[in-house]
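Q: Have a look at this one.
Read the figures in this text as sums done on the coordinates, not as results from a lab. These numbers come from a predicted model, not from an experiment. Counting neighbours? That spans all protein chains shown, and the Cβs are built from the backbone with ideal geometry, glycine included.
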Amino acid sequence: MSRGVLATEKRGIRELGAEEFVGWDEVTQGVILPSFESELKENVSHIRPEERDYSDFNSYTATVASWRVIKPVYNRDICIDCQNCWVWCPDTSIISRDKQMLGIDYDHCKGCGVCVEVCPTNPKSLLMFGEAEETEDALAKWPEKKKKAK
Amino acid sequence: MAITNIKNLKEFSTANERFEGAHLLCPGCAHSMIVRELMNATDDNLVIASNTGCLEVSTAVYPYTSWDTSWIHIGFENAATAVSGAEAMYKARKRKGTLKDPDAPVKFVAFGGDGSTYDIGFQWLSGAVERGHDFTYICLDNENYANTGGQRSSATPIGAHTSTAQAGRVSYGKKEKKKDLVAIMAAHGAPYVAQLAPNKWKIMAKGFQKALETEGPCFINTVSACTTEWKFDPKDTIHITDLATDTLMFPIYEIINGHELNILYRPKNIIPVEEYLAAQGRYKHLFKPENRHVIEQIQKEINEKWEYLQRREEARV
């Protein structure tokens with residue numbers, strides 16, 4: 001089921017500004033940008049993102065990863081799938097399927113840190129690390145459970 | 001109508017996203033939280049129009065669009081007009097039988113910032129509500145013209161520092177009060193008017209669903225914390241919104257048919273407004289001794305407003 005969910009072929013294939021399109025001053029009024037390659041057979045809210053045929057105009061195919069200086073790292077072992085991070089992520093970057101949190105979409109995450117702030121577990125199951133930090137190193141550094149101050 | 005189950009957050013999270021990432025809103029912006037929540041709250045087809053503002057310029061940077069639904073951008077002021085035109089055409093084509101899929105439910109939504117809703121697009125919004133089109137207008141209220149450098153709008157509260165109402169030796173920032181747009185829209189007799197906040201996701205999603213279900217023009221004012229112009233750390237967006245609702249700076253309530261007022265959220269502990277003000281850079285100057293009276297005035301007005309809302313809820317008038 002998780003095939004192509006965390007790393008889809010289409011997502012984040014282009015750096016912003018690297019597109020080969022006409023300039024903004026050549027665009028005329030009334031221009032239409034299609035979000036999908038072909039006309040959809042059903043309502044888009046019934047198709048999972050990994051099964052959609054995104055067109056090159058959809059910002060799904062672009063990446064804003066270069067905005068980030070710190071990144072959230074996800075620790076599956078502590079997560080309780082409360083979905084707080086999913087509902088408050090401003091960049092559609094928390095990937096949840098079938099009520100389970102699967103991971104972070106690093107092509108669209110801007111590193112704001114909202115997900116870490118709203119995480120209710122102890123210790124948090126999402127923490128911010130430097131962009132250069134490897135995931136394994138980050139997980140090895142994970143803090144212990146904090147005791148409540150009496 | 002097909003509605004996403006929002007009994008709990010796990011159920012809600014099975015919604016298929018229709019708002020894509022790599023839009024260019026600031027990290028931690030509450031606009032996209034609100035937009036995602038609206039689009040996840042329903043399964044129906046959506047026709048969305050946006051006024052010029054942060055949301056519009058950041059989600060349609062040529063050659064990209066972040067919207068997986070029909071989305072129209074026209075001018076600074078006329079999202080309400082555009083969406084009522086689309087709605088009128090939809091009705092006409094339905095009557096003539098020229099729609100491809102006449103049974104598919106379609107909802108019409110307009111988004112505007114507070115600049116385009118409170119000030120520039122107010123006349124257009126008022127007109128569209130008066131004509132009674134079946135649409136939902138959502139104001140993303142970040143209390144200034146954030147897209148153009150943080151100028152004051154009529155939604156900016158008293159005492160806030162903005163680039164055109166500067167705080168300094170002679171002034172404490174904006175001197176005028178915030179316009180009560182929710183009351184003005186309720187006075188239009190709109191069937192559903194509400195003020196909601198993204199930190200209370202369930203109340204907000206239910207409010208959106210109610211507005212989409214209600215036939216006729218609905219207006220929702222949502223508080224959208226602005227990390228850039230309110231001057232706080234991007235990670236604190238939800239914390240600031242929590243403070244906004246718990247200090248009652250932004251009370252959460254709905255008004256049905258222009259008179260039936262329901263308070264949707266009562267904070268267990270009402271926090272003094274000072275905490276909300278202290279968390280933001282735009283109110284920093286109010287803590288100087290000569291400006292303290294402004295904080296007292298803000299607190300007094302909040303208390304009066306809360307008293308007023310509670311009385312209205314009781315009286316049902």
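Q: Put a dot 7 Å past each Cα toward the Cβ at B:N45 and B:S70; how far apart are the dots in nm?
A: The two pseudo-label positions are separated by 0.6 nm.
Q: Another question about this same structure. Measure off 7 Å from each Cα along the Cα-to-Cβ vector at A:D81 and A:E37, then give the distance between these two points in nanometres to one decimal.
A: With each label placed 7 Å out from Cα toward Cβ, I get 3.2 nm.
Q: What is the sum of charges, Lys and Arg at +1 and Asp and Glu at -1, for the other residues whose Cβ falls under 11 Å from the Cβ of B:Y276? All intermediate terms of the calculation are to be shown ahead of the outcome.
A: Numbers: positive: none; negative: B:D242, B:D246, B:E274, B:E275.
Computed value for this residue: -4.
Q: Please work out the FRET efficiency for the pair A:E136 and A:D53, using the Cβ-Cβ distance as r and a Förster radius of 45 Å; give the result to the nearest 0.05.
A: 0.85
Q: Starting from the coordinates of the alpha-carbon atoms of chain B, obtain the Kirkwood hydrodynamic radius over all distinct pairs and give the value in Å to one decimal.
A: Working: mean 1/r = 0.0499 Å⁻¹.
Evaluated over chain B, this radius sits at 20.0 Å.
Q: Enter the mean projected area of the convex hull around the alpha-carbon atoms of the protein assembly as shown, in nm², rounded to one decimal.
A: Values: hull surface 97.6 nm².
Approximately 24.4 nm², given one-decimal rounding.
Q: Same structure, new question: Just how large is the dipole of chain A about the Cα centre, in debye to the nearest 20, putting +1 at every Lys and Arg Cβ and -1 at every Asp and Glu Cβ?
A: Details: 20 positive and 26 negative charges, 269 e Å.
The dipole magnitude comes to about 1300 debye.
Q: Continuing with this model, one more query. For the stretch B:31-135, rounded, prolate or oblate, judged on the Cα gyration tensor with a ≥ b ≥ c (square roots of eigenvalues), a/c < 1.5 rounded, else prolate if a/b > b/c? Intermediate results must be reported in sequence, preceding the final value.
A: Numbers: a/c = 1.88, a/b = 1.25, b/c = 1.50.
Taking the square roots of the gyration eigenvalues as a ≥ b ≥ c, the stretch B:31-135 is oblate.
Q: Same structure again: With the contact rule set at Cα under 8 Å and sequence spacing of 6 or more, what percent relative contact order holds for chain B? Show your work: numbers first, answer last.
A: Details: 609 pairs, mean separation 49.3, N = 317.
Relative contact order for chain B comes out at 16 percent.
Q: While we're looking at this one, here's another question. Report the equivalent ellipsoid semi-axes for the stretch B:248-317 in whole Å, largest first, defined as the square roots of five times the eigenvalues of the gyration tensor built from alpha carbon atoms.
A: Details: eigenvalues 167, 28, 19 Å².
Square roots of five times the eigenvalues give 29, 12, 10 Å.
Q: Quick check for you: which residues of the stretch B:157-189 have the amide N under 18 Å from the point 7 Å beyond the Cα of B:K288 toward its beta carbon?
A: Inside the label zone: B:158-176.
Q: Sorting check: for A:38-51, A:96-109, which peptide has the highest mean count of neighbouring beta carbons within 10 Å, and how do the rest follow?
A: Packing order, densest peptide first, comes out as A:96-109, A:38-51.
Q: Using 7 Å Cα-to-Cβ label points, what is the A:L102/A:E26 separation (nm, one decimal)?
A: Computed distance between label sites A:L102 and A:E26 equals 3.7 nm.
Q: Farthest toward the dipole's positive end in the stretch B:216-262, which of B:C218, B:T245, B:I255, given Cβ charges of +1 (Lys, Arg) and -1 (Asp, Glu) about the Cα centre?
A: After comparing all options, I get B:C218.
Q: Mind jotting down the three principal axis lengths of chain A based on Cα atoms? Whole angstrom, largest first.
A: Between the extreme Cα coordinates on each principal axis of chain A lie 65, 33, 26 Å.
Q: Please give the average number of partner chain Cβ atoms lying within 10 Å of the Cβ of each residue in A:62-70, rounded to a whole number. If you can, show how the numbers build up before the last one.
A: Details: counts 9, 2, 6, 1, 0, 4, 1, 0, 1.
Across A:62-70, the average partner-chain Cβ count within 10 Å equals 3.
Q: Report the paramagnetic label zone for B:Q297: residues of the stretch B:125-160 whose backbone N is under 15 Å from a point 7 Å from Cα along the Cα-to-Cβ axis.
A: Once the point is set 7 Å along Cα→Cβ of B:Q297, B:156-160 turn out to lie under 15 Å by backbone N, inside the stretch B:125-160.
Q: Another question, then. Output the relative contact order of the stretch A:64-141, whole-number percent, from Cα pairs under 8 angstrom with separation of 6+ residues.
A: Numbers: 123 pairs, mean separation 33.1, N = 78.
Computed over the stretch A:64-141, the figure is 42 percent.
Q: Then there's this: Over every pair of different alpha-carbon atoms in the stretch A:64-141, take the mean of 1/r and invert it; report that Kirkwood radius in Å. All intermediate terms of the calculation are to be shown ahead of the outcome.
A: Working: mean 1/r = 0.0802 Å⁻¹.
Roughly 12.5 Å, rounded to one decimal.
Q: FRET efficiency for B:M89 and A:E144, Cβ-Cβ distance as r, R0 = 56 Å, nearest 0.05? List each step's numbers first, then the result.
A: Numbers: r = 61 Å, r/R0 = 1.10.
The pair B:M89/A:E144 has a calculated efficiency of 0.35.
Q: Still on this model: Sum up the charges of everything whose Cβ sits under 13 Å from the Cβ of B:I48, counting Lys and Arg as +1 and Asp and Glu as -1, but leave B:I48 out. It would help to have the intermediate numbers written out before the result.
A: On the way: positive: B:R18, B:R36, B:K107; negative: B:D44, B:E56, B:D68, B:E87.
Value of the local net charge: -1.
Q: A follow-up question, please. Under 10 Å, Cα contacts only: if you run a Gaussian network model on chain B, which one of B:Y137, B:Y265, B:Y145 comes out with the highest mean-square fluctuation?
A: B:Y265
Q: Mind checking the dipole of the stretch B:87-229: about its Cα centre, +1 per Lys or Arg Cβ, -1 per Asp or Glu Cβ, Debye to the nearest 20? Display every interim value, and only then the final one.
A: Numbers: 19 positive and 14 negative charges, 18 e Å.
Here the stretch B:87-229 has a charge dipole of around 80 debye.
Q: How well do other chains shield peptide A:39-52, expressed as the mean number of their Cβ atoms within 10 Å of each residue Cβ?
A: Values: counts 1, 1, 0, 2, 11, 9, 15, 3, 3, 3, 5, 0, 1, 4.
Counting other chains' Cβ atoms within 10 Å and averaging over A:39-52 gives 4.
Q: Within 10 Å of each Cβ in peptide A:95-107, how many partner chain Cβ atoms are there on average? Round it to a whole number, please. Can you show the working numbers first?
A: On the way: counts 1, 7, 3, 3, 7, 3, 2, 0, 0, 0, 2, 0, 2.
Across the residues of A:95-107, the mean count of other-chain Cβ atoms within 10 Å is 2.
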